[in-house]
Structures are given as structure tokens and as C-alpha cells.
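Here the structure comes first, spelled out in C-alpha cells, and everything after it is commentary.
The values are calculated or read from the model by the stated rules, or taken from the named source; none is laboratory data. Computed from a predicted model, the values in this text were never measured in an experiment. No Cβ is skipped: glycine too gets one built from the backbone with ideal geometry, and neighbour counts run over all protein chains shown. Protein only, heavy atoms only, side chains kept; ligands, DNA and RNA dropped before computing areas. Shrake-Rupley method; radii C 1.70, N 1.55, O 1.52, S 1.80 Å.
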Amino acid sequence: MKKILPVLLAALLLAGCAAPVEELTYRQVNMDEAITLMKEESGYIILDVRTPEEFADKHIPGAINVPNETIGTKEIPQLPDKDQLILVYCRSGNRSRQASEKLAALGYTNIVEFGGINDWPGETVTG
């Protein structure tokens, strides 16, 4: 019995180490769901992760621009509240997924990725 007890304890410890790590996630929604969120929620940020030039060409009214390429390991001054609802888009959906993953890794907890402005049915503004 004395020989079995250390083996069992070691097995339990190793099993605990093998437990899956909780994955950092974000939600993906389609364009209609994003529009519904924008109508029903308040206090959210619309985040455009395209380049400044693309943003100036056209963007969703009220959106802020933080290019995907600038999101890394440092805090983002334009996004101080990590629990705030952040609706993320780009041109076609690729960069917004990348940015959403990076934001989740930085500790943002309420990220919703909704694709690209190419599919946006609403108005856009320039500047």
C-alpha cells in the first residue's frame, strides 16, 4: 500500500496538469446580428481595424480606428475598459478575426467580431 500511494498521488497531479486551459475567445456574429446589437445595446465601441487610409475612405459612423497591425501586447489607450462591448470589423473579415484574437489575449472580455465593411448594408462616412 505504501508503494501504491505515491504512484496514485503522482497520477492525480499529472492528470491535473493535463486539464485543458480555458481558451481566450470572442464571439462571431453575422451582419444582421451586429446591427441588432447596435440597436439594442448602448455604450459600445465600433472598432475598425483597417489601415488609416481605408478608414478615411469610408467607415461606419461612430467607429474608431485602431489598425490590426498596431494591436500587440501593449495596452490600447482608445480601449481603456476591457469589459466594454467592442464590435470589431475590417474590410472582409480576416483582419477583424485576427484583431479579436489579439484583443482577447490582452484581456478584453466582451468582443464581438462581425466581418467586413464590404457586407455592411448601412450608411458609411468618409474622413
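The charge dipole of the stretch 42-127, taken about its Cα centre with unit charges on the Cβ atoms of Lys, Arg (+1), Asp and Glu (-1) only, comes to about 160 debye. Around ILE117, under 14 Å between beta carbons, what's the net of Lys plus Arg minus Asp minus Glu among the other residues? Neighbourhood net charge equals -3. Ordered by 1.4 Å accessible area with all protein chains kept, PHE114, PHE55 run largest first as PHE55, PHE114. For TYR89, the solvent-accessible surface with a 1.4 Å probe is about 0 Å², rounded to the nearest 10. Here is the list for the stretch 95-127: GluC sites (Glu not before Pro) lying in DSSP coil, each with at most 10 other C-beta atoms within 10 angstrom of its C-beta, are GLU123. For ILE64, the solvent-accessible surface with a 1.4 Å probe is about 50 Å², rounded to the nearest 10. In angstrom, the C-alpha Rg and Dmax of the stretch 14-127 are 14.9, 57.
If you restrict to DSSP beta bridges whose two residues both lie in the stretch 32-127, what percentage is antiparallel, to the nearest 5? That works out to approximately 10 percent antiparallel.
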